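See below for the structure under consideration.
The values are calculated or read from the model by the stated rules, or taken from the named source; none is laboratory data. Since this is a predicted model, take the numbers as computed values, not measurements. All Cβ positions, even for glycine, are placed from backbone atoms using ideal geometry, and neighbour counts span all protein chains on display. Just so you know, the surface numbers come from the protein's heavy atoms only, side chains and all, with ligands and any DNA or RNA stripped out. Shrake-Rupley method; radii C 1.70, N 1.55, O 1.52, S 1.80 Å.
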Amino acid sequence: MLETMYAAPGIGLAAVQVGEMNRLITIDVSHDEDAKDPRVFINPEILWKSEDLSVYEEGCLSIPDYYEEVERPAKVRVRYTNLAGEPEEIEADGLLATCLQHEIDHLDGVLFIDHISKLKRDRVTKKFVKAAKEKARI
Ligand code: GNR
Ligand code: NI
């Protein structure tokens, strides 16, 4: 999964995006080829969300070429199992907090467009349905 995430390239990936129905996500928000910071979270659960919100322009490998600002809790506390099989907790802020929420959403079938206005969501959904129909006609 880390390989797929780097190849995409993306800063995060949820197992469902590669056809695996496991509650597993990978994240690397380092933005640095030479200082990679791959992280794996198994069975991640959000324990706490801050009341203060932050806005990031999000994109998603499952919705190519579409970017929109999404407002989410600025900080989250997440419990998960690490690769050694041990339970761990982290408190994240910034891009890591946003990415954790984006990926954990995927595990529950939620996409970032579910957090934007209905008008914008309908517009992008229509575009993708239309593209899929055109592809099916060929
Ligand atoms: O590569 C990605 N970038 C990104 C930017 C802002 C907020 C979330 C993300 S995750 C995304 C990769 C992806 O779709 N993971 O599911
Ligand atoms: Ni995504």
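At a glance:
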| item | result |
| --- | --- |
| Residue count for region 8-37, restricted to those that are loosely packed, with under 11 Cβ neighbours inside 10 Å and either under 21 Å from Glu86 (Cα atoms) or not charged (D, E, K, R) (or both) | 5 |
| Subset of region 1-35 [away from ligand 2 (no atom under 16 Å from the Cβ) and either of a type in the set (Asp, Glu) or in contact (Cβ under 8 Å) with a residue 24 or more places away in the chain (or both)] | Glu3, Asp32, Glu33, Asp34 |
| Qualifying residue in region 87-99 (condition: modelled with pLDDT of 95 or more, away from ligand 1 (no atom under 14 Å from the Cβ) and either open to solvent by less than 70 Å² (accessible area, probe 1.4 Å) or aliphatic (A, V, I, L, M) (or both)) | yes |
| Matching residues in region 106-138 - criterion: being in contact with a strand residue (DSSP E or B) (Cβ under 8 Å, 6 or more places away or on another chain), within 19 Å of Leu13 (Cα to Cα) and either open to solvent by less than 70 Å² (accessible area, probe 1.4 Å) or not in a helix (DSSP H, G or I) (or both) | His106, Leu107, Leu111, Phe112, Ile113 |
| Residues being free of Cβ contacts under 8 Å to residues at least 24 places away in the same chain and touching a helix residue (DSSP H, G or I) at 6+ places or on another chain (Cβ under 8 Å) - total across region 110-138 | 3 |
| Strands (runs of 3 or more DSSP E) fully within region 2-67 counting 3 or more residues that are among the aliphatic types (A, V, I, L, M) | 24-27, 39-49 |
| In region 38-70, the residues that are out of contact with any helix residue (DSSP H, G or I) (no Cβ under 7 Å at 6 or more places or on another chain), within 14 Å of ligand 2 (Cβ to nearest atom) and open to solvent by 70 Å² or more (accessible area, probe 1.4 Å) | Glu57, Asp65, Tyr67 |
